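So the structure is just underneath, and the comments pick up after that.
Where a number appears in this text, it was derived from the coordinates with a stated rule and is not lab data. Remember, it's a predicted structure, so these values are computed and weren't measured experimentally. Note: ideal-geometry Cβ built from the backbone for every residue, glycine included; neighbour counts use all protein chains shown.
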Amino acid sequence: MKGLFDKTFWGLTIGLIALLILNFFLADWLRGIGLQSIARGMVALGLLVLWRTGLISFGHALFFGFGAYAAALLQRIGINDFFVILIVGTAASGLLAYGLGFLLRQYRAIYFALLNLAFSMILWGVLANLEVLGSTDGIGVRPPSYLGIELEGEANQMVLFALAIIFTYLVAVATNLYLRSTLGYMTMAVRENEIRVEYLGYSAERAIHMKYIISGLVAGFGGVVMAFAVGHVDPDSMAYWPISGDFVFITILSGSGNVAAPLIGAMVYELIRSYAFEYAPQVWQLIMGGSLLLIIMFLPDGLWSLTERFKRDKA
Amino acid sequence: MSSVLQVTDLEKSFGGVIAASNINISVGEQEIIGIIGANGAGKTTFVNMVTGYMPPTSGSIAFMGESILGLQPRDITKLGLTRTFQIPQVFLSETVFDNLTLAFGIAEQSGWGLFIPLHTEERTVTVDAHIERYQIREYRDMAASALPQGVRKLLDIAMATVRRPKLLMLDEPTSGISIEEKFGIMDIIMNALAEEKTTVLFIEHDMEIVERYVSRVIAFYQGEIICDAATAEAMQDPKVKEFVLGQDKYNAEASGNNGHA
């Protein structure tokens, strides 16, 4: 089983253990940043799966928002268990990706990117206009129960954070395994030469559809985590187009070299944003734009490429 | 039914232009057939129709006795009919080894098996044996984009044969290859295919190659078959001489000029 226990697996495992220990000492606001990083990082991981295929989505807030609203609505109908909400919310986004995939798999490049944007704006429009879904005010999300146990305040935050990183770890390991499978390597194949894929006996469109579903699942997972992290869902912060832009930002910042990259990238993004907002509230967007520019100019393959640079220097 | 491929009354028109008409071919087991004809004679159109890349306007195509009309290229590939391309279709950013590993992965896995890790020790052995068969060992870890044209052609053919096809259609295997290299490369290809008892049908412009490797020739001209005979016989056919080999070109032009004068 060389397949499972590769370097990335051990790296992720060490990261998981470190964070689980750190969880006991973290300040509450840092835990909040951590949860939001995980949430956004997961969507960026979904984008990474597509990006390796040469596809980019400008509308992944669609699945993020869908997952988040699924969580909020489940609570509304009386289901409050964390595990049920997480699984159902994630599955709901996956199902949405499955449905839309039939159309999207036929498109490439800018058409694919913008069609995603169009769908995400449809969701935004629906959410913002439906009174039952709270329209532009959104819906509040209560702390969930964990297999019947209700927690408040810091205890809840601590358990939520621990569970979020455990599930994130599982998703990252599974995604890593997927990327190393025959189907996963087809990301490269479809990007490089669709004709050859067809003549090897597999449908390029089907491979893209699979990736789209995986991408939707992972992004939906991020949405559920976000709903619990901020305790509130609303159209503008869950499904509006600049949210999709944030995810693309994180993807570029991170690079597509490894499944851990988007998680690290999301944390860096969150930190830059928090500090920029704190110390330069007038010009924080300028700082964000500036950082993106610097990354594109000096690290076109994202933060992860630093590890390769480091490896090269050592050699 | 010893016929591998049976094509009957195949026709293809693009609007008013007829690209192929009245095409009837029967291919027997382990035959090596050369398809010749000038540019635009309909050779590649024929291959495209048989492999499911474009649907014929009318006619029927049977592979191993079963109709393959209307099937997608991937389904026809799975049945054991594969093809190569004039311009090699490979994964340029990847190494020869990785190209072939994925090709074997796709050929060997289906359903949930596609989620199993691609690289296994067993598959590495299979891939290396295949690399050996096509004599591209020294290029094993080189990116496909950096390969010499001839080696890239070999890789393309190696990828098309991972499923051990019953019938392989080669579209101009020697185009873009230097004169010094062409026999060497063709020897590698034809030996590998003979070992697997593959039936081969290839499009070729180079008559030296045709005469050396092929036992039967099918000549196309303006979308129709003008000759289907044993190689030596076909080379002497007056129509083939005039429309394909161009040996009577001078006479044809001369008579044309007279007509104008």
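Membrane-span-like helices in chain B, defined here as complete DSSP H runs extending at least 15 Å along the helix axis by their C-alpha atoms with mean Kyte-Doolittle hydropathy no lower than -0.5, are B:96-108, B:149-160, B:179-195; this is a sequence and geometry rule, not a statement about a membrane. Taking other Cβ atoms within 10 Å as a rough exposure proxy, B:Ile106, B:Ile87, B:Ile157 sort from fewest to most as B:Ile87, B:Ile157, B:Ile106.
Taking every full run of DSSP H in chain A, the ones that stretch at least 30 Å from end to end by Cα along their long axis and average -0.5 or higher on the Kyte-Doolittle scale are A:28-51, A:82-104, A:109-129, A:153-179, A:204-230. Sorting A:Ile87, A:Ile56, B:Ile189 from the fewest to the most surrounding beta carbons within 10 angstrom yields A:Ile87, A:Ile56, B:Ile189. Computed on the Cα trace of chain B, the radius of gyration divided by the Kirkwood hydrodynamic radius gives Rg/Rh = 1.01. Largest mean-square fluctuation among A:Ile272, A:Ile208, A:Ile77, in a Gaussian network model of chain A whose springs join Cα atoms under 10 Å apart, belongs to A:Ile77. Ordering A:Arg76, A:Arg273 by the number of other Cβ atoms within 10 Å of each residue's own Cβ, fewest first, gives A:Arg76, A:Arg273. Within the stretch B:84-119, name every residue whose backbone N is under 18 Å away from a label modeled 7 Å from Cα of B:Asn39 along the Cβ vector. Counting backbone N atoms under 18 Å from the label point, the list is B:86-88.
Based on Cα contacts under 8 Å between residues 6+ apart, chain A shows a relative contact order of 35 percent.
The three principal axes of the C-alpha atoms in the stretch B:1-92 carry coordinate ranges of 39, 34, 25 Å, sorted with the longest axis first.
As a length-normalised measure over Cα pairs under 8 Å and 6 or more apart, the relative contact order of the stretch A:229-315 settles at 33 percent.
Here the relative contact order of the stretch B:147-254, from alpha carbon pairs under 8 Å that lie six or more residues apart, stands at 19 percent. Put a dot 7 Å past the Cα of B:Asp75, heading toward its Cβ, do the same for A:Ile195, and the two dots end up 2.2 nm apart. With a simple spin-label model that places each label point 7 Å from the Cα along the Cα-to-Cβ direction, the separation between A:Asp6 and A:Leu151 comes to 3.3 nm. Anything over 30 Å Cα to Cα? Flag those among A:Lys7/A:Lys211; A:Lys211/B:Lys197; B:Lys43/B:Lys166; B:Lys43/B:Lys197; B:Lys12/B:Lys182; B:Lys153/B:Lys239, in the order listed. Where the Cα-Cα span goes over 30 Å, the pairs concerned are A:Lys211/B:Lys197; B:Lys12/B:Lys182; B:Lys153/B:Lys239. Compared with the direct C-alpha span, the chain from B:Ser26 to B:Ala129 gains 33.8 nm at full extension, assuming 0.36 nm per residue.
Our helix-only sum for chain A, with -39,500 (n - 2.57) per DSSP H run of n ≥ 4 divided by its residues, gives a mean residue ellipticity at 222 nm of -25000 deg cm²/dmol. In terms of overall dimensions, the stretch B:183-229 has a Cα radius of gyration and Dmax of 12.1, 35 angstrom. The equivalent ellipsoid of chain A has semi-axes of 28, 24, 21 Å, largest first, where each one is the square root of 5 times an eigenvalue of the Cα gyration tensor. Tell me, what is the FRET efficiency for A:Ala174 and B:Ile87 to the nearest 0.05, using R0 = 35 angstrom and their Cβ-Cβ distance as r? Computed FRET efficiency for A:Ala174 and B:Ile87 comes out at 0.40. Seen from all directions on average, the stretch B:78-177 presents a Cα convex hull projection of 6.3 nm².
Computed from label points 7 Å out along Cα-Cβ, the spacing between B:Glu208 and B:Ile179 is 0.6 nm. Taking A:Ala91, A:Ala155, A:Ala266 as the candidate residues, the one with maximal mean-square fluctuation in a Gaussian network model of chain A, Cα springs under 10 Å, is A:Ala155. The calculated FRET efficiency for B:Gln222 paired with A:Ile122, based on their beta-carbon distance and R0 = 41 Å, is about 0.20. Annotation: for a label point projected 7 angstrom from Cα along Cα→Cβ of B:Glu66, residues of the stretch B:93-108 with backbone N closer than 18 Å are B:107-108.
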